[in-house]
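One structure below.
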Amino acid sequence: MTTTIQVVAGVASQDDTVLACRRAPGRASEGLWEFPGGKVEPGELPQDALTRELREELDADVAVGALLDRSTVPVGELVIDLACYEVTFRGAPPVHSTDHDELRWVTREQLGELDWATPDLPMVRRLTAS
C-alpha cells in the first residue's frame, strides 16, 4: 500500500531571484535543495500549514498568495503531494533555518544548477520555463 503525504512549499521571489534552501546534514534528503515548507497536519488548511511551517523553519512571517503548482511525485515507498504557493515575507527575509544549512537567492536561470529534491522539480521546471 502506498502512503501519500500532503506537503506545502513557499516560493518566495525577491527582485529577479527565488529563495532556495538546502537540506541540512542528518535530515531526510540532506544536501538537496527545496522550497521551504513541510507537511500538512490533519484538519489543517494548506495555506495555514505553510504559514506555520515557515514560522517554525525560518522564523518568518509570510503572506501566502496564489497556488503556483501542485504535483504528485513518487519518492521511494511514499507519494508526495506537493502544493507550491507564492509567498511574500512580512519584514526582512530569513537568514537562517532549523532544517536547512544554506539559504540562497538564485535567479531562475540558476535554479537548474542546483541538485533539487524530486518533489520540487515540477515547480523548478515551471519557473525555468517562464
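What follows is calculated from the coordinates using simple rules that are stated; it is not laboratory data. Treat the numbers as computed from the prediction; the structure is a model and nothing was measured. Neighbour counts run over all protein chains shown; Cβ positions are idealised from the backbone, glycine included.
Please figure out what share of the DSSP beta bridges in the chain is antiparallel and state it in percent, rounded to the nearest 5.
Given both bridge residues lie in the chain, the antiparallel proportion sits at roughly 70 percent.
Under unit Cβ charges (Lys, Arg +1; Asp, Glu -1), what dipole magnitude, rounded to 20 debye, does segment 3-129 have relative to its Cα centre?
Details: 12 positive and 23 negative charges, 39 e Å.
Using Cβ point charges on Lys, Arg, Asp and Glu, segment 3-129 gives about 180 debye.
Past the 16 angstrom mark, what percentage of all C-alpha to C-alpha distances in segment 1-65 do you count? Walk me through the numbers before you get to the answer.
On the way: 1090 of 2080 pairs.
For segment 1-65, the fraction of Cα-Cα distances above 16 Å is 52 percent.
How large is ³J(HN,Hα), in whole Hz, for each residue of segment 94-99 in order, when computed from phi with the Karplus curve 6.51 cos²θ - 1.76 cosθ + 1.60 and θ = phi - 60°, using x for Gly and Pro?
For segment 94-99, the Karplus curve yields x, 10, 8, 8, 7, 10 Hz.
I'd like the distance between the alpha-carbon centres of segment 16-47 and segment 58-115, rounded to an integer number of Å.
6 Å
Go through segment 81-93 residue by residue and turn each phi into a ³J(HN,Hα) via Karplus (6.51, -1.76, 1.60, θ = phi - 60°); whole Hz please, and just put x for glycine and proline.
For segment 81-93, the Karplus-derived couplings read 9, 9, 9, 9, 10, 5, 10, 10, 6, 8, x, 5, x Hz, x marking Gly and Pro.
Could you work out the local net charge near Pro93, counting Lys and Arg as +1, Asp and Glu as -1, over the other residues with Cβ closer than 12 Å to its Cβ?
Cβ neighbours under 12 Å give a net charge of -1.
How high is the relative contact order of the chain, in percent, counting Cα pairs under 8 Å that sit 6 or more residues apart?
Taking the mean separation of contacting Cα pairs over the length of the chain, I get 33 percent.
At 25 °C and 0.890 mPa s, grab the translational diffusion coefficient of the chain from Stokes-Einstein with a Kirkwood Rh over Cα pairs, rounded to a whole number in µm² per second.
Calculated translational D: 167 µm²/s.
Based on the Kirkwood radius over alpha-carbon pairs, what is the Stokes-Einstein translational diffusion coefficient of segment 46-122 at 25 °C with 0.890 mPa s viscosity, in µm²/s?
Numbers: Rh = 14.0 Å.
Using the Kirkwood radius from Cα pairs, D works out to 175 µm²/s.
Residue-wise, which Karplus ³J(HN,Hα) couplings in Hz belong to segment 61-76, taking 6.51 cos²θ - 1.76 cosθ + 1.60, θ = phi - 60°, and x for glycine or proline?
Using θ = phi - 60°, the values come out as 9, 10, 9, 8, x, 5, 6, 9, 7, 9, 9, 10, 10, x, 9, x Hz.
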